[in-house]
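Student: Handing you a structure now.
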Number of protein chains: 2
Amino acid sequence: MRNPNARSERRSGGVTLIHARYTVPVRPQGVVHENYCVAIEGDLILDVLPLADARRRWPDQEIISLPEHVLLPGLVNAHTHTPMTLLRGYADDMELPVWLKEHIWPAERKFVGPEFVADGTRLAVAEMIRSGTTCFNDMYFFPDATIDVCLETGMRASIGITIIEIETAWASDVDSYIEKGLRLQQQWKSQPLVSFTLSPHAPYTVSDETLSRVSHLSAEWGLPVHMHLLETEWEIKQSHQQHDLHPLNRLEQHGLLNSSLQAVHMTQLSSDDIARLAKSGVNVVHCPQSNLKLASGICPLTELWKAGINVALGTDGAAANNDLDLLAEAQTAGLLAKGISGDAKAVNANQVLDMMTINGARALGLGERTGSIEPGKQADLCALDLSAPETQPLHHVVSQLIYAASRRQFTDVWVAGKRLLDGGRLTTIDLDSVIRSARKWQSRLAGLEAETETEVKELAL
Amino acid sequence: MRNPNARSERRSGGVTLIHARYTVPVRPQGVVHENYCVAIEGDLILDVLPLADARRRWPDQEIISLPEHVLLPGLVNAHTHTPMTLLRGYADDMELPVWLKEHIWPAERKFVGPEFVADGTRLAVAEMIRSGTTCFNDMYFFPDATIDVCLETGMRASIGITIIEIETAWASDVDSYIEKGLRLQQQWKSQPLVSFTLSPHAPYTVSDETLSRVSHLSAEWGLPVHMHLLETEWEIKQSHQQHDLHPLNRLEQHGLLNSSLQAVHMTQLSSDDIARLAKSGVNVVHCPQSNLKLASGICPLTELWKAGINVALGTDGAAANNDLDLLAEAQTAGLLAKGISGDAKAVNANQVLDMMTINGARALGLGERTGSIEPGKQADLCALDLSAPETQPLHHVVSQLIYAASRRQFTDVWVAGKRLLDGGRLTTIDLDSVIRSARKWQSRLAGLEAETETEVKELAL
């Protein structure tokens with residue numbers, strides 16, 4: 001099972017042993033080990049074995065003890081826009097077009113640059129590590145600043161090479177988005193914490209020519225494609241009006257409906273669409289809280305699941321959601337699927353756990369590297385303390401995790417073998433400084449809010 | 001505004017002053033005070049005033065400082081079954097009838113008694129106080145034990161006089177349920193922390209004769225009525241089969257459709273039903289997470305709201321939900337209403353805040369006593385620390401509270417002027433002992449789980 005692509009960054013000190021009261025490796029599915037150890041060497045998981053065996057095998061090795069905890073693979077947030085964390089709660093309770101055109105875009109036009117992106121990403125990474133996330137996909141501008149923050153903090157990321165037919169401070173046109181993105185990909189291709197996706201924004205913001213280029217680049221460079229798709233009914237109408245085609249037909253024409261595609265949102269699906277997605281191996285990234293809050297529609301999780309489609313989870317950006325709490329997103333996904341399908345057995349707690357771990361890793365093309373606790377995979381782990389009254393009594397570990405636990409019960413997180421959260425304390429991020437910078441942006445944005453209310457431009461593509 | 005019914009339990013020490021960075025009194029709606037003080041005298045709110053004014057008025061008084069917090073009225077959980085917290089996660093991912101008949105009821109038949117109820121309520125109260133709740137409605141057996149725990153811990157409760165045509169360890173028949181309940185009500189009628197509701201379990205578990213008695217008792221004793229109603233489609237079918245009437249018509253026949261009714265769940269509503277509820281002043285208690293998880297249906301919050309119906313929130317019991325986290329329930333209610341109605345403006349953050357505070361108090365008949373921060377009301381308050389990265393930057397206080405905050409950010413809680421949570425520490429509950437007793441029940445229930453799988457009895461009424 002050793003992954004040939006995983007690069008080991010061995011540190012001094014040899015093996016690290018973590019003993020947790022419960023270990024849920026996700027693969028094999030449904031397994032809950034009691035009093036097991038996970039042995040880490042460098043950035044890799046070396047073994048998963050009973051505590052007694054670990055003691056015999058490494059008699060002199062100190063053991064990190066998590067006596068009341070469940071140890072899990074780190075969570076994978078398969079869709080977010082990290083720097084938008086600075087816009088959390090900036091504009092709520094409004095329709096998507098108004099929210100975007102009158103509030104979010106004006107703010108972005110004025111402020112987005114390397115400083116905004118670095119500060120926003122640092123705040124987002126702090127929040128994600130504190131809530132058990134060890135890997136995220138990002139779609140935004142100035143990805144160079146995002147990568148710097150990931151390397152500085154030790155976080156794993158799948159970086160979107162954003163492509164959009166709108167000029168921003170980051171790039172003036174599609175050529176420039178692609179060129180800058182691929183240059184970054186070349187620069188960091190040997191950095192194991194960072195991977196890349198081609199990220200055409202959405203059907204309504206990229207031309208046919210661009211879709212065709214993305215398709216060829218994906219094949220040529222071996223890069224997955226990450227895209228907002230079928231988020232709203234409006235998007236389908238717009239596609240018929242402008243292209244005389246359903247967005248899925250348009251993507252199929254350009255050869256983009258395949259297992260490299262990470263289709264985000266997917267709230268507008270017929271049963272024929274679902275069959276087509278299943279056949280083509282498309283990955284779906286479900287963002288239930290964002291879709292509910294913006295009233296975009298509801299992704300039919302149960303039907304996708306039955307069709308055998310790989311469904312991952314994303315929080316979306318904190319400006320929409322308004323947090324990066326993947327456990328809460330998973331809880332919402334599970335409850336909503338049951339409620340909408342009218343079937344309390346539609347999904348179970350183990351399936352929800354899959355969505356927030358291994359399915360996310362697979363969707364991002366990282367299924368061999370992360371998403372489960374298996375020897376040879378990257379040591380991306382999180383531990384949640386179950387001793388809180390909110391998760392007692394403990395009749396079933398995975399039930400308590402999925403239906404009762406909350407983000408603040410995560411105490412420890414490792415990414416690539418490095419402990420980024422240690423007993424609740426961030427080890428690579430100065431939280432005071434992150435909060436200070438969030439407040440600086442709060443002041444700057446407060447000034448803008450009144451100023452731009454009248455100066456709204458229509459999106460014309 | 002001083003409430004003539006509120007009884008002051010004055011303690012020594014005179015006035016307590018609480019200064020919070022933000023105070024959201026809920027009434028008037030939409031107000032966010034910055035750097036205000038809430039002055040408490042005994043169990044009552046004396047005043048809500050700017051910090052500078054409070055310093056002038058009480059120059060020698062020490063001030064409790066909450067410099068990064070929002071101070072709110074305590075949350076009101078309008079429907080739960082507190083002792084069932086011991087069954088949290090005991091049986092998940094199954095249909096309501098199977099869940100109830102094959103798992104929950106067998107466990108209850110074997111174990112429910114004063115010890116189960118006291119231990120379960122103590123665990124539940126610990127969880128509720130830690131998550132900002134200061135008042136809950138309860139429907140269960142052995143309410144005497146529940147009341148004892150409330151008085152021991154200082155928690156406010158609306159105690160259900162449960163009435164059901166099933167023999168339990170608590171009571172053998174309807175006469176006995178009613179007699180025991182009313183005796184308790186007489187015993188505690190001068191205790192300001194405790195109020196009572198008549199709680200016929202559901203249309204399918206109480207006879208017409210019982211409904212008629214409940215109606216007369218409600219009028220005679222001035223007691224509100226709390227009842228599971230229109231929870232599932234099955235309930236309506238059953239009512240037509242057995243009584244040849246829709247449950248609402250049956251209740252109307254017995255004079256129960258009025259402003260004293262707290263109708264819990266209400267997932268099966270036509271627009272005619274909604275108009276009738278609005279006209280009769282019925283209160284609805286919405287339990288969105290329980291309804292989703294058990295796939296019961298979805299309460300049409302937006303339509304109820306538009307019709308002017310008072311909608312409160314309940315977590316339901318932790319065996320169904322699986323927690324007593326009212327803030328999360330409110331977040332789900334808000335997102336779900338937007339998603340289901342297809343209107344992102346369907347409810348806003350201030351309306352969601354109303355549901356978890358003042359609307360709950362009103363539904364329980366305690367609207368003059370609690371649910372908002374107003375002079376003359378009981379000093380039931382909770383404070384949430386907004387300085388966590390998850391609620392930064394702080395563009396809008398109520399947005400961050402409703403869409404981004406989580407339960408573990410609550411740091412301080414007062415009920416009737418008494419500080420039950422002090423910087424995150426419970427002051428009236430020994431948490432270690434509560435956890436130990438939860439684990440004792442975990443062992444007992446584990447023994448039962450295998451044993452009763454085959455011995456399932458049908459509900460026949």
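The values are calculated or read from the model by the stated rules, or taken from the named source; none is laboratory data. All figures in this text were calculated on a predicted structure; none of them were measured in a lab. All Cβ positions, glycine included, derive from the backbone under ideal geometry; neighbour counts span all protein chains shown. Ligands, DNA and RNA are excluded from the accessible area calculation, which covers all protein heavy atoms including side chains. Shrake-Rupley method; radii C 1.70, N 1.55, O 1.52, S 1.80 Å.
Student: DSSP beta bridges in chain B, what fraction antiparallel, as a percent rounded to 5?
Tutor: In chain B, approximately 45 percent of DSSP beta bridges are antiparallel ones.
Student: Scan around B:LEU386 for amide H atoms under 5 Å from its own, H built in the peptide plane at 1.01 Å from N, and keep only partners 5 or more places away or cross-chain.
Tutor: Residues meeting the amide H criterion: B:HIS69, B:VAL70.
Student: Also, quick follow-up: In peptide A:425-434, what is the residue-averaged number of other protein chain Cβ atoms found within 10 Å of each Cβ?
Tutor: What the average comes to for A:425-434 is 1.
Student: While we're on this one: If you average the C-alpha positions of region B:225-284 and of region B:426-442 separately, how far apart do those two centres end up, in angstrom?
Tutor: Result: 39 Å between the Cα centres.
Student: Between B:GLU220 and B:SER280, how high is the FRET efficiency from 1/(1 + (r/R0)^6) when r is the Cβ-Cβ distance and R₀ = 35 Å? Nearest 0.05.
Tutor: 0.95
Student: Loop only per DSSP, at most 16 neighbouring Cβ atoms within 10 Å: give me the trypsin sites (Lys or Arg not before Pro) in region A:174-235, ordered by residue number.
Tutor: A:LYS189
Student: Okay, moving on. In nm, to one decimal, how far is the B:GLN242 label point from the B:ASP60 one, both placed 7 Å along Cα→Cβ?
Tutor: Using points 7 Å along Cα→Cβ, the separation is 6.6 nm.
Student: Using only Cα atoms, what Kirkwood radius does the protein assembly as shown have, in angstroms?
Tutor: When all Cα pairs of the protein assembly as shown are included, the Kirkwood radius is 28.5 Å.
Student: Show me the ranking of peptides A:112-124, B:75-87 by mean Cβ neighbours inside 10 Å, starting with the highest.
Tutor: Going by the mean number of other Cβ atoms within 10 Å, highest first, we get B:75-87, A:112-124.
Student: On a 21 Å Cα-Cα criterion, which of the cross-link pairs A:LYS279/A:LYS306; B:LYS237/B:LYS306; A:LYS110/A:LYS440; B:LYS180/B:LYS440; A:LYS101/A:LYS293 come out too long?
Tutor: Checking Cα-Cα distances, B:LYS237/B:LYS306; B:LYS180/B:LYS440 exceed 21 Å.
Student: Mind grabbing the accessible area of B:THR428 for me, 1.4 Å probe, Å², rounded to tens?
Tutor: Its accessible surface works out to 30 Å², give or take rounding.
Student: Distances from A:ARG439 to the same residue in each other copy, label points 7 Å out along Cα→Cβ, in nm, shortest first?
Tutor: 4.1
Student: Can you name the chain A residue with its Cβ nearest the rotation axis from A to B, and give the distance in Å as a whole number?
Tutor: Nearest Cβ to the rotation axis, residue and whole-Å distance: A:ARG408, 2.
Student: While we're here: So who's got an amide H within less than 5 Å of the one on B:SER199, skipping anything under 5 residues away but keeping other chains? H placed 1.01 Å off N, in plane.
Tutor: HN-HN under 5 Å from B:SER199: B:ILE161, B:THR162, B:ILE163, B:HIS226.
Student: Right, another one. Please report the spacing between the Cα centers of region B:107-164 and region A:106-138 in Å, no decimals.
Tutor: Measuring centre to centre over Cα atoms gives 43 Å.
Student: Show the residues, 5+ positions off or on another chain, whose built amide H is closer than 5 Å to the amide H of B:TYR36.
Tutor: Those lying under 5 Å, H to H, from B:TYR36 are B:ALA20, B:THR23, B:LEU51.
Student: Quickly work out the A:SER259-to-B:SER176 label distance, labels modelled 7 Å from Cα along the C-beta direction, and quote it in nm with one decimal.
Tutor: Each label point is offset 7 Å from its Cα along the Cβ direction, giving 6.4 nm.
Student: Considering every residue in A:88-101, what mean count of other chain Cβ atoms within 10 Å of its Cβ is obtained?
Tutor: Average per residue, whole number: 5.
Student: Nm distances between the label at B:PRO67 and the same-position labels in the remaining copies, 7 Å along Cα→Cβ, shortest first?
Tutor: 3.6
Student: What average number of partner chain Cβ atoms lie no more than 10 Å from the Cβ of the residues making up A:435-442?
Tutor: Shielding by partners across A:435-442 averages 3.
Student: How far is it, in nm, from the label point at A:ALA52 to the one at B:ARG425 when both lie 7 Å from their Cα along the line to the Cβ?
Tutor: 4.1 nm
Student: Quick one: Debye curve from the alpha-carbon atoms of region A:252-344 only, equal weights, vacuum; give me log10 I(q)/I(0) at q = 0.14, 0.18, 0.23 Å⁻¹ to two decimals.
Tutor: Normalising to I(0) and taking log10 leaves -0.49, -0.79, -1.19.
Student: Quick one: with label points 7 Å out along Cα→Cβ, list the inter-copy distances for B:ASP208 in nm, shortest first?
Tutor: For B:ASP208, the other copies' label points sit at 7.0 nm, shortest first.
Student: With contacts defined as alpha carbon pairs under 8 Å and 6 or more residues apart, what's the relative contact order of region B:99-158 in percent?
Tutor: It rounds to 39 percent for region B:99-158.
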